[in-house]
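Comments concern the structure below.
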Amino acid sequence: MKNVYNFAPGPAMLPRPVMKKAQEEFLDWNGTGMSVMEVSHRSKEFIALAEESEADLRDVLGIPSNYKVLFMQGGATSQFAMVPMNLLQGGKSADYIHTGSWSVKAYKEAQRHGKVRVAATSKEQNYMTIPERSTWQLDKDAAYVYYCSNETIGGVEFQSIPDVGAVPLVADMTSHALSRPIDVSKFGIIIAGSQKNIGPAGLVLVIIREDLIGTESAHLPSLLDYAHMAANESMSNTPPTFSWYIAALVFKWIKAEGGLKAMEQNAIKRSGKLYAAIDASGFYQNPVDKRYRSRMNVTFTLKDANLDGKFLQEAKAAGLEALKGHRSVGGMRASIYNAMPMEGVDALITLMQEFERKHG
Ligand code: PMP
């Protein structure tokens, strides 16, 4: 098998021990003689998996007991609609912070479902920074304040949780969930699509404070109603069982590796080394405000964009996959989630230095 380091932004690299374990029990899960993907979601074995995975996630993240964890479908994008559909009933309004593509997308979707305002934006800085908290024009009566805590495309990450007073804070943590300890009690809702640090695509985790769940709506589609999903333990219909199973293995892997503190230490080391290599060269550049550089998605441009194709070709030949930046920004992006070993970053830095020597 080819030895590859996969820098894709998502679906992304998963921990090798998780993949090995899934491979070992692929045809015979838990002594059932069946693959986990062939087993009923209502079987006692699968219910046990679901309960244990939630317990592990609660343990890893330190989720307080007044929060529900929902294992949902529809990707993180479905939550761009579900949050306003559920929280803006009765004509309330919500505040959005624009820091890049994903927060802007969430806002545009929310506009279809209720009243929303932009309370702060870094558009003029090309979304390469985060607007100072003191400049946010928050509405104290808003139903919630929404932000994306790691902008996957721009590579911009909040390094602390913004204080928005008593208004519930909603965060899209899709691309840095489980990469650092967080204080869940500071949030109203946390959204995390799975295909970066959690598992395969198909699942989105919603961690929601119970008082925001409300009662079942008479008009919302039941699968888009937090109250309905919470009342049915995320099993109102058939969930993506295989994705859930892999996520359960990932939670156990994180625990075995030393939890979120260990994930954070690794993320600091990986990203720190890569940014240092970029900053030390006259050939590569990262445009993000240093205070908010993402530990998960490291973007960089080459001095001469005409060399991009050659760089990607040489990277691929060296087993370094999926480094092409998002089509909206160009250049390169190395997504280095929890599963990326340090050796992958070292291999990338070596390639970058060799490429600079040859072409710089
Ligand atoms: N939010 C963020 C921060 C993302 O990175 C992504 C996907 N890359 C999404 C939302 C959308 O996720 P999905 O494609 O699962 O709907």
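The values are calculated or read from the model by the stated rules, or taken from the named source; none is laboratory data. Since the model is a prediction, treat every value here as computed from it, not as a measurement. So basically every Cβ, Gly included, is an ideal-geometry build from the backbone, and we count neighbours across all protein chains shown. Accessible surface is based on the protein model in full, side chains and every heavy atom, while ligands, DNA and RNA are left aside. Shrake-Rupley method; radii C 1.70, N 1.55, O 1.52, S 1.80 Å.
Rounded to the nearest 0.05, what FRET efficiency do R133 and A280 have when you use their Cβ-Cβ distance and R0 = 35 Å?
Once the sixth-power term is evaluated, E becomes 0.65.
Can you give the accessible area of K108 in Å² (nearest 10), computed on protein heavy atoms with a 1.4 Å probe?
Using a 1.4 Å probe on the heavy atoms, I get roughly 130 Å².
State, to one decimal in nm, how far the label point of K261 lies from the label point of L27, with both points 7 Å from Cα in the Cβ direction.
4.3 nm
Please calculate how many Å² of accessible area the range 260-359 carries per residue, with a 1.4 Å probe and no DNA, RNA or ligand atoms counted.
47 Å²
Roughly speaking, to the nearest percent, how much of the chain's 1.4 Å accessible area is carbon and sulfur?
Reported share for carbon and sulfur atoms: 52 percent.
What Kirkwood hydrodynamic radius, in Å, does the range 260-359 give when the mean of 1/r is taken over all pairs of distinct Cα atoms and then inverted?
Across the range 260-359, the inverse of the average 1/r is 13.7 Å.
Given the range 40-116, report the % of alpha carbon pairs whose separation exceeds 14 Å.
70 percent
Ranking request for peptides 61-69, 140-148: highest mean number of other beta-carbon atoms within 10 Å first, then the rest in descending order.
Top to bottom by mean Cβ count within 10 Å: 140-148, 61-69.
Cut-off 10 angstrom, C-alpha nodes, Gaussian network model of the chain. Which of A262, A347, A280 fluctuates the most?
A280
Need the full-extension length gain, A318 to D59, defined as separation in residues times 0.36 nm minus the C-alpha distance. One decimal, nm.
Length difference between fully extended and current span is 89.4 nm.
If you average 1/r over all unlike Cα pairs in the range 108-227 and invert the result, what Kirkwood radius do you get in angstrom?
15.9 Å
log10 I(q)/I(0), Debye, Cα-only the range 16-256, no solvent, q = 0.10, 0.11, 0.15 Å⁻¹?
-0.48, -0.57, -1.02
Rounded to the nearest 0.05, what FRET efficiency do R42 and Q159 have when you use their Cβ-Cβ distance and R0 = 30 Å?
So, using R0 = 30 Å, E works out to roughly 0.10.
Averaged per residue, what accessible surface does the range 16-256 expose to a 1.4 Å probe, in Å²?
Accessible area per residue, the range 16-256: 42 Å².
For L223 paired with Q111, estimate the spin-label separation in nm (one decimal), with each label point 7 Å from Cα along the Cα-to-Cβ line.
The answer from the label model is 2.7 nm.
With each pseudo-label sitting 7 Å past Cα toward Cβ, what's the S35-Q73 distance in nm, one decimal?
Simple spin-label model gives 1.8 nm for this pair.
From Cα pairs below 8 angstrom and at least 6 apart in sequence, can you work out the relative contact order of the chain, rounded to a whole percent?
22 percent.
With a bin width of 5 angstrom, please list the P(r) values of the range 170-244 as percents of all Cα-Cα pairs, from the 0 bin to the one holding the largest distance.
3, 15, 22, 23, 21, 13, 3, 0
Taking the mean number of other Cβ atoms within 10 Å as a proxy for protection, how do you rank 133-139, 251-257, 211-217 from highest to lowest?
Averaged packing, sorted descending, gives the order 251-257, 211-217, 133-139.
Past the 29 Å Cα-Cα mark, which pairs from K20/K255; K140/K261; K68/K196?
K140/K261
Sum -39500 (n - 2.57) across every DSSP H segment of at least 4 residues in the chain, then divide by the residue count to get the 222 nm mean residue ellipticity, nearest 500.
Result for the chain: -11000 deg cm²/dmol, rounded to the nearest 500.
Tally Lys and Arg at +1 and Asp and Glu at -1 over the other residues with C-beta under 15 Å from the C-beta of N237: what net charge comes out?
The answer is -1.
In the range 327-360, whose amide N lies under 14 Å from the spot 7 Å out along Cα-to-Cβ of K303? List them in ranges.
Of the residues in the range 327-360, 353-360 have backbone N under 14 Å from the label point off K303.
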